[in-house]
Structure formats: C-alpha cells, structure tokens
Amino acid sequence: MNRSPEAGPPAAPAARQPGAKTASSSRRYVSLRWIMAGATCALMTALMMALGFLAERNLRRVMTAETEARLSLQAQNLALAGSSALLSDFPELTLNPMAKTMIERQPEIAFVTVVSPDGRIVGDAELQRIGQRFVAPAALEPEGRSHPGSRARLLANRTLIVASAPVQVVNGRSLGTAYVGYRRGHIDEQVDHMRRTGLLWLAAFLLVGGLATYVMMWRFLRPIQAVRAGIERIGRGDFHQPVLLDDPTEFGMLADALNTMSWELTVARDNLVETERLSHEMELAQSIQQSLLPSARLRSGAFTFDGAQRAATEVGGDYFDSFELPDGRIAVAIADVAGKGLGGCMVTSMVSALLKAYSVIHSSPSDLLGALDHCLAGLLPRATFVTMFYAVVDPGSGEMVYASAGHNPSMLYRRRDGSVLRLNNHGAPLCLVRGDRVRRTLSDSSIRLEPGDVLLQTTDGVNEAFDPLGAEQFGFDRVEEVLQRAAPEGADAVLTALRKALDDWRQSEPFTDDETVLIIARDPAPVDEVRSDGEAPAALVAEALASGHALRLRAELDALDGLEPWLHGLPEVSEFDERSFRALHLALYELCANIVEHGYRNQSAEDFMVWWIASRRHFLIIDCGTPFVPAPWLPADYANPEIRRRGRGHGLDIVHRLASVKFYPATPEGNITLLTPREHAARTPEEVAQ
Amino acid sequence: MNKEVKFSRVERPGTIVLRVYGPLDASTSPRFLDECGDIQSLGKNLVINLAEVPFIASSGIGAIMAVADAYHEGQLNSVRLAAVSPAVSMVVDLLSLHEFLEIDDNEDDACSKLKAA
C-alpha cells in the first residue's frame, strides 16, 4: 500500500548565539532615578524663580515707598532745623554737622543741602560748598506720589530721588529750601543682594531636593532589579524559580503576577509536551497499523480478496489481511482489538504475527483461533480482548471454511437469487475469558462461494457509525442493503458504495472508530454460458406465438394459482402421471414465483406470458421485469444449517433439479426463459426401474 | 384469488398435533410459521400432519425446515412430520431432506416416538 511521505518536523528556530545582542539589549536606557531627580530640580527651579520674581518686584516697590517717606520726613526735619539755624549768624555751624551725621549714618544719601531763597548753599555736609550756587540734579521730574500732611516735595530722575521742603519761620516767611538727595542705586543694591541670597538658597534646595529625590527613587525602584531578573529567567525558560519580592507596592503585585504567569507557563509547557508525545505516539500507531495491512488486493483463480480501512482520529486496533497458504488456499482475517492508541496497535501486531505463524500449522480456522486465544491470554492484560473472523478459501472449489470469535456476522450476497445471508457465529471473543474456555465456543463452518457471490466482513466501526445527531447507528441492515445493491457490480463497487453510504450517513461528523472492510468476491459466470444453445430468442418467440398454448398471468403470487388448471387443460401434459404432473407444476410455479418476486418485486399491475410448445415439450416465459442472470446452478447442500435456515434460493434449486432452464435476459422481446422438464426427474428410483 | 389454508390442533399428552389443510406456498407459509411458533412457545412437542397439503412450494418446505431447526436449537422439545401428502413427499425426496426431517406414516406413530424420546 502506497503511503504518502510523512512531513518532517518543523524546523527548529535558530539557536541564539552566545553574546549575540538582542534588539532589547542594543537600546540605551535612561534611569528613572535621574529622570525623577532632574524633573524635581527643574520643577523646584521654576517654582522658586517665579516666587523670586514676585518677591523682588514687591520688595522694590516697598523699598521705594519707604525711602520716599523717609526722605520726605528727613527733608522736613532738615527744613525745621534749618529755620532756626538760618536765623542765626552762622547757620553752617548747625547745619554742617547735621548733614554730615545724616550722610555718615545713611551712606545711601547722596547729598543734604539747605539753599537760601537766592539760590546759594547755606548748609551742606561739605563746608567748601557753602556760599556756592545750588545746581539741582538734571532732569528731575516730580514724583507722582505724595504723602498726606507732608510739605515735602519729591522729585526724581533715573539716579536720584530728591525730597525738598521749604524752610519757613512762624509767620510763613521763606528762608530757603532744604534738599535731601537719595541714590536709587541703593535700592537696586538691596534687591540684588536679596536676589543673590535667594539664588544661594535655591542652589542649596536644588542640591538637597535632587539628592533626596534620587535616594528616594533608588529606594523605591530597587525591586525592579528582582522583577527584571525574574522576567529574564522566564525568557530563558526557567519557570521554577519564583521572583522573591516582599514589597507592599505595585512591584509586589507585579512580582506575584509574574510568579502566577510562570506557574501557568509551566503547566502549559507540560501540557504541550504531553500533547506532542501523544501526537507522536498516534503517528507511530497509525504507521504500524498501516504497515500491517495488505498493500494490494489479492487475486487467486476466480476470487478477489480485497479490503479497505479508514483510520479514525483516534487510532483503533482494526486489522485485516489476506495471504496465500502453502497449499494454495487463501487465508483471510479481520480483527478488532478492544483498545486504542499504541497499545491497541501492539496487540494488533502480535495478532498479525501469530496469525501468519499459526496459519501454516492449523488448517482448521477454529483451531487457529483457539491457539491465538491461548497464546494471547498470556500476553494481554485483563479486559483486553479481540474479536476476529478467520476463513480459509479454496479458490478451486469455492469452499470456504470459517470460524468467528465474537466478530460481526459475515454477509454473503448470493448472485443466483440476489439474496444476502448473514453467517452468524457463536464464538466468544479471544481472551474475553481465560483458561481456554473461549476455545470451547469456537467451531468451524463451511459454505460454498458460488460464481458472482460476494462475502462482506466489517468491524464495528461500520455498523456502529452514528448519524450527525448521535441518535442512531448505521446498523447491519443498512450494510446489507448496500451489499445487495452493489454486489452485482463486484468488489470495487461494494467498497465504493459502502464508503459513500457511510459518508452520507455520518455527513460532516468525524468518525471516532476505524472503519475496516474485508471482501471476498468470486467472479460471475460469463453471460455467454447462459446463451449457449445457439437458438435465436426471436425464433423461439415466433414459434411460441405460432403454435404455443398461452397463459397470461398477473405479476402477483396469488395469480400463480392459475397454473394448475391451465396445465390440466394442456392435452399433452394431462397425460402425465400424477407425480410427473406435480413436478412439472412445481417447477413452473417456482420459476414464475421467482419472476414475480425478483423481476416485478410483487407489482401486480404488470402481466407476463407463459407458453407451452408441445412439439418441443418446453415452456417459454416472457416477462418485462428486471433482467435476471443467475449463477450456474450447483445443488444446494442441505447438510449445511445455514442453507436450510436462509429460506431463500430453494425455489431455483428445485427448478434445476426438475427441469433444464435457459435464460435470455433483456432481449428485444423481453426476458425469455425456457423450461424443459427432465424426464423421470421427479420419479423415485423404484418408479424409474419399473 | 386468495388461497385458503386452515389449521387445526389436537392435544396429545405433551404434544400438539397441527393439521394443515391447504397448500403451503409463498402466500400461506407465513401463517404456518406463526402457528408453529405459537405452539413452540407453549413448550410442547409438535407433530405436523401434512396429509391434506395438495401443493407445497419452496417457501413451504423452507418454512418446515425453519421450524425443525428452531425446535432443534431449542433442544427442549421436538418436531416430527406425519402422513405427508404425495406433493410433500415428492419435494422431500427431491431435496433429500429425510436426513433433517423426522417423518412418520401417521400421527400416532409420531406421538409415540415423541413420548418414547
């Protein structure tokens, strides 16, 4: 048997070279610690810069207002002091120390000057300026703000703030003006100082904050190393070492998830290994099972020994074989081992080997099965048994001797009458019980396979095939129907028809058990043998129409009652003695009954014709039913109980014993049958002697 | 046309004699089998009187062989034929069935042999 080459295992992925960089290892990473520390510093810088800007602006405004208020007050105080000093003869003696003191105490004051109404300096911190004309700083503009209750006046330019207050006596006469000048740069210096201080603090905060953030992140992210190591172990296929991390944060949860995933991967990997092991075992079992089957059909004489097997998804223990024995006979066997998988296949292998060995020792099939039972009983575990049919066929005589150990009944299609016999068996399956008790249930039977006969043997996968609903099995009756329908076309037709019938029955459902079929077919006799008399059917019909006595009969069994009175009315026949008449009547009745049952299948609407041609002393029957080509007649062996029980086929046997019959099927005139009674056929030897 | 076949039963000690009146062919054989099956289910021996059978076809002789085999397989009771008509005798001779069918000249002989067995 040709087997398609098995596909090799898929190519293994290329092994990773040591030191080879993966895509992940070639990437550069930035530590979260640095990211978080940098982000913290940037955030703190931005925050403190914003706060510093606001603080500086407010400070500048407050200091300006404070300075202006103080300047106004100092100018008024200077004017008050100047009013009494200017009434003296040497005002500079009062005003000079006063001005010096003010400048010494407040270095930010640019000048302190009292000016007479005519514009000459009468009081100043520098004595050499006394008497000089006062020149006011350039580009002084009035300052917008004024202080309630103050007589001082504020002026300012880009560098100075100048407060002036009138020097008056009690009666309001003006004695001059007091000026106090203040350098704006002092305020900027103060603000700059504060800014530098703030920047120092900012730097300190950034340093401390950045370090604190880095340390905290280092502490928080430390479990990542353990998680990473665990993931890398899983990547290497090490699922057994868990990630040991007692961490209350999300990292602990991640570690638990990794451990769970690792355990599930372990289970999945184990399941995968088991599945692959089973798959390998199944392939091995199927390979062994296929190797045990015949690679081609066997032909011997007029016999064809063929078979087929369709393996189910789950390998069963079906087996069939046919081989020639040393004496030229053909041994055939079909078996079903209770047990599937590699175990079932091993048992099948043992059965095959033992069968080949015992077949040359035991000529009796039941003896062979008994020897198999004895040997297997010592090898097989209990609850393992084998059903088996074994037969030996003599291609010359057609004799088949068989025995069955609990196997399905054989179905024998009889070509001569289109019937199907079931050859039941009474043997118990091999190894069903121990102690050689099975042997006592086995016995040989024999039957002759006639031309055109087809014997079918199956395993239970055929008759137990379920329909798509799982409600009904295919059953033996359907197997018998297929055999009866297809057997006239030969072994191939039976195999094809049975396969199609099973596919139609099961539809798209997969089959769960092996379907194994064994066929023994004997070639039918050539039709030419039937028409060997050389007479043209048309001439026979013409002769009957011209000179025959005709009887029209309806195609129903009850109508055959008309034969007897019609025969009594025929002059030549009425002269027969009683026994010969009965024989003639019986032969004609059986032939017509065969036409009614098989040609017309009891359809009473049809008619057929019977003629008696006295000159030839024969009957001619023309019917238009299904053509009937019987196999060459061989006397039935009524010593065989199967022959006695079948209840069919006796009719033609009786006809052939009483008369000579010739069939001309499917002629233009219809199916023609010639019946010529044998002389003395029905007489006892004593009568013939008389 | 429907052929007529009739049956009558006669009780004998441990045995029932079934008398058949009419032909045994494809139309009437099923009734004959029913009668014999009914008697076998009673657990008694059977004697089939075939004296009034004018015609027997292959289906009829097949039915008789089936009854004989059924009794043979049952082993508890037996069946014998009695007073077979010439038509039945001819077929029995033709097919050489004497080896498989127990045939007696009359009912009494058949019942005696069954009783003796």
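Tabulated data
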quantity: Flag for B:Ser112 being among the hydroxyl-bearing types (Ser, Thr, Tyr), closer than 13 Å to B:Val17 by Cβ and not in a strand (DSSP E or B); calculated: yes
quantity: Qualifying residue in segment A:168-182 (condition: touching a Leu at 6+ places or on another chain (Cβ under 8 Å), more than 13 Å from A:Gly82 (Cβ to Cβ) and free of Cβ contacts under 8 Å to residues at least 40 places away in the same chain); calculated: no
quantity: Those residues of segment A:82-120 which are touching a residue at least 40 places away in the same chain (Cβ under 8 Å) and buried (at least 18 other Cβ atoms within 10 Å of the Cβ), in sequence order; calculated: A:Gly82, A:Ser83, A:Leu86, A:Ile109, A:Ala110, A:Phe111, A:Val112, A:Thr113, A:Val114, A:Val115, A:Ser116
quantity: Qualifying residue in segment B:36-50 (condition: of a type in the set (A, V, I, L, M) and farther than 21 Å from B:His98 by Cβ); calculated: yes
quantity: Residue check for A:Thr197: part of a helix (DSSP H, G or I) and among the β-branched types (Val, Ile, Thr); calculated: yes
quantity: Residue, farthest from A:Leu620 (Cα to Cα), within segment A:564-577, restricted to residues that are exposed (fewer than 15 other Cβ atoms within 10 Å of the Cβ) and more than 14 Å from chain B (Cβ to nearest Cβ); calculated: A:Glu575
quantity: Total residues in segment B:86-101, condition surrounded by fewer than 18 Cβ atoms within 10 Å (Cβ to Cβ), in a loop (DSSP other than H, G, I, E, B) and either more than 9 Å from chain A (Cβ to nearest Cβ) or modelled with pLDDT of 90 or more (or both); calculated: 1
quantity: Every residue from segment A:465-494 that is surrounded by fewer than 18 Cβ atoms within 10 Å (Cβ to Cβ), of a type in the set (A, V, I, L, M, F, W, C) and out of contact with any helix residue (DSSP H, G or I) (no Cβ under 8 Å at 6 or more places or on another chain); calculated: A:Leu469, A:Ala471
quantity: Those residues of segment B:7-40 which are in contact (Cβ under 8 Å) with a residue 24 or more places away in the chain, more than 14 Å from chain A (Cβ to nearest Cβ) and part of a strand (DSSP E or B), in sequence order; calculated: B:Phe7, B:Arg9, B:Val10, B:Arg12, B:Thr15, B:Ile16, B:Val17, B:Leu18, B:Arg19, B:Val20, B:Tyr21
quantity: Residue tally, condition more than 11 Å from chain A (Cβ to nearest Cβ) and without any contact (Cβ under 8 Å) to a residue 24 or more places away in the chain, over segment B:56-85; calculated: 1
quantity: Scope segment A:438-464; condition surrounded by 23 or more Cβ atoms within 10 Å (Cβ to Cβ) and within 13 Å of A:Leu498 (Cβ to Cβ); matching residues; calculated: A:Val454, A:Leu456, A:Gln457, A:Thr458, A:Thr459, A:Gly461, A:Val462
quantity: Among (1) assigned to a loop (DSSP other than H, G, I, E, B); (2) touching a Phe, Trp or Tyr at 6+ places or on another chain (Cβ under 8 Å); (3) at pLDDT below 80 - the single one A:Gln289 does not satisfy; calculated: (1)
quantity: Selection count, segment A:177-194, where residues are in contact with a helix residue (DSSP H, G or I) (Cβ under 7 Å, 6 or more places away or on another chain) and not in a strand (DSSP E or B); calculated: 4
quantity: Output for segment A:543-563, where each listed residue is within 14 Å of chain B (Cβ to nearest Cβ) and either buried (at least 17 other Cβ atoms within 10 Å of the Cβ) or under 60 Å from the mean Cα position of the chain (by Cα) (or both); calculated: A:Leu553, A:Arg554, A:Ala555, A:Glu556, A:Leu557, A:Ala559, A:Leu560, A:Asp561, A:Leu563
quantity: Only listed residue being surrounded by 13 or more Cβ atoms within 10 Å (Cβ to Cβ), of a type in the set (Lys, Arg) and more than 60 Å from the chain's Cα centre (by Cα), chosen from A:Arg153, A:Arg133; calculated: A:Arg153
quantity: Verdict on A:Ile654 being in contact with a Ser or Thr (Cβ under 6 Å, 6 or more places away or on another chain), away from chain B (no Cβ under 14 Å) and surrounded by 20 or more Cβ atoms within 10 Å (Cβ to Cβ); calculated: no
quantity: Flag if A:Ala501 is in a helix (DSSP H, G or I), of a type in the set (A, V, I, L, M) and farther than 19 Å from A:Pro409 by Cβ; calculated: no
quantity: Test result for A:Arg678, over 18 Å from A:Ala593 (Cβ atoms), modelled with pLDDT of 75 or more and within 14 Å of chain B (Cβ to nearest Cβ); calculated: yes
quantity: Selection count where residues are among the aliphatic types (A, V, I, L, M) and assigned to a helix (DSSP H, G or I), scope segment B:41-85; calculated: 8
quantity: Flag if A:Ile595 is surrounded by 18 or more Cβ atoms within 10 Å (Cβ to Cβ), within 26 Å of A:Asp523 (Cα to Cα) and out of contact with any His (no Cβ under 8 Å at 6 or more places or on another chain); calculated: yes
quantity: Subset of segment A:375-418 (residues that are at pLDDT below 85 and either in a strand (DSSP E or B) or farther than 21 Å from A:Val454 by Cα (or both)); calculated: A:Gly378, A:Leu379, A:Leu380, A:Pro381, A:Arg382, A:Ala383, A:Thr384
quantity: Residue match in segment A:584-604 (condition: at pLDDT 80 or above, away from every other protein chain (no Cβ under 14 Å), assigned to a strand (DSSP E or B) and touching a strand residue (DSSP E or B) at 6+ places or on another chain (Cβ under 6 Å)); calculated: no
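The values are calculated or read from the model by the stated rules, or taken from the named source; none is laboratory data. Computed from a predicted structure; not experimentally measured. FYI the Cβ positions are ideal-geometry reconstructions off the backbone, even for glycines, and counts take in every protein chain you see.
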